[in-house]
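The values are calculated or read from the model by the stated rules, or taken from the named source; none is laboratory data. Keep in mind that this is a model prediction, so the values were computed, not measured. Cβ coordinates were reconstructed from backbone atoms using ideal geometry, including for glycine residues, and neighbour counts include every protein chain displayed. These area figures cover heavy atoms from the full protein model, side chains too; ligands, DNA and RNA do not enter into them. Shrake-Rupley method; radii C 1.70, N 1.55, O 1.52, S 1.80 Å.
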Amino acid sequence: MRVTIFMPVMNEEQGCEKIIPQIKKEWYDQMIVVDNNSKDKTVEVCKNLGAEVISQKGKGLNAAYREVWPLITGDIVITFSPDGNSVPEKIPELIEKMKEGYDMVIASRYKDDAKSYDDTILTGFGNWIFTKSINLFHKANYTDAMVMFRAYKKDIWYELNMDNFMSNYGIYEKLFFTEIGIEPLLSIRCAKKKLKTSEIPADEPKRYGGRSKLQIIRWGLAYYSQVLVEIFFNNFKKK
């Protein structure tokens with residue numbers, strides 16, 4: 001089972017410099033960074049630390065995923081935030097859990113005694129309401145449907161039709177004047193497809209440096225629209 005660690009970045013020089021050296025080389029076969037036009041030394045730092053770096057062409061976080069997927073060589077992908085929010089020591093635990101036969105394993109900030117130290121009252125409530133809504137409408141059992149830090153099989157990206165820009169992301173971005181990520185939709189479609197998923201508890205520390213890119217109101221409207229629209233439509237790849 002080959003492992004790719006994928007990190008989308010933008011102006012994360014301080015976090016990358018501190019976090020990437022904590023990711024042991026025996027944990028992965030490929031480390032790939034997609035840089036979204038960083039103005040600091042993020043690209044230089046990542047290259048010096050041995051990561052493969054590509055420059056993002058499209059706008060938004062989902063563009064980083066869509067552009068990197070054809071370059072991924074691993075059987076499983078671990079999506080990881082090098083800004084300090086993701087804990088490197090949890091990577092081997094994610095891998096071991098995937099070896100049990102799961103399609104996706106989430107590093108949950110709210111499972112058991114895990115805690116997010118980066119949450120505000122508003123973001124904590126938002127994560128709770130989105131996760132509860134996904135569980136209710138899509139018959140899932142997540143404690144954290146929103147977090148980036150997770151492992152999943154490379155092939156489910158295409159199986160769940162996650163690479164279709166307009167129907168998955170573009171329509172919501174145009175309606176709400178924002179740019180959205182992929183995690184809520186991935187969680188929803190794994191549940192709808194009845195894939196085998198699990199979670200491990202993983203704290204979320206506060207981020208290092210940089211600036212939070214959250215657009216709480218617009219993201220909230222876009223993501224909740226996804227939750228509701230996905231009740232009525234199946235956008236899976238035809239076999």
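Close Cβ contacts (under 8 Å, 6 or more residues apart or on different chains) running from residues in region 22-44 that are under 18 Å from A63 (Cβ atoms) and touching a residue at least 40 places away in the same chain (Cβ under 8 Å) to residues that are open to solvent by 70 Å² or more (accessible area, probe 1.4 Å) and in a helix (DSSP H, G or I) comprise I32/L71. When region 56-115 is filtered for residues that are at positive phi and modelled with pLDDT under 95, the ones remaining, listed by number, are G60, G84. Within region 84-101, the set of residues being open to solvent by 10 Å² or more (accessible area, probe 1.4 Å) and over 12 Å from the mean Cα position of the chain (by Cα) comprises V87, E89, K90, P92, E93, I95, E96, K97, K99, E100, G101.
Close contacts from region 172-185, counting a first residue that is open to solvent by 20 Å² or more (accessible area, probe 1.4 Å) and a second that is part of a loop (DSSP other than H, G, I, E, B), with Cβ to Cβ under 7 Å and a gap of 6+ residues or different chains, come to E173/G60; E173/E179; E173/I180; E179/K59; E179/G60. Total residues in region 1-31 satisfying the condition of being part of a helix (DSSP H, G or I) and either surrounded by fewer than 14 Cβ atoms within 10 Å (Cβ to Cβ) or of a type in the set (D, E) (or both): the figure is 6. Filter region 127-162 for residues that are aromatic (F, W, Y) and open to solvent by 50 Å² or more (accessible area, probe 1.4 Å); which is farthest from N234 (Cα to Cα)? My answer is W128.
Given the criterion out of contact with any helix residue (DSSP H, G or I) (no Cβ under 8 Å at 6 or more places or on another chain) and touching a residue at least 40 places away in the same chain (Cβ under 8 Å), identify the matching residue among G101, G84. One residue alone meets the criteria, G101.
Contact annotation: residue pairs with Cβ atoms under 9 Å, 6 or more positions apart or on different chains, pairing a residue in region 225-239 that is open to solvent by 70 Å² or more (accessible area, probe 1.4 Å) with a partner that is modelled with pLDDT under 95 and among the polar types (S, T, N, Q), are F233/S167. Taken together, V43, V77, V34, V53 contain a single residue that is touching a Pro at 6+ places or on another chain (Cβ under 8 Å) and either assigned to a strand (DSSP E or B) or open to solvent by 10 Å² or more (accessible area, probe 1.4 Å) (or both), which is V34.
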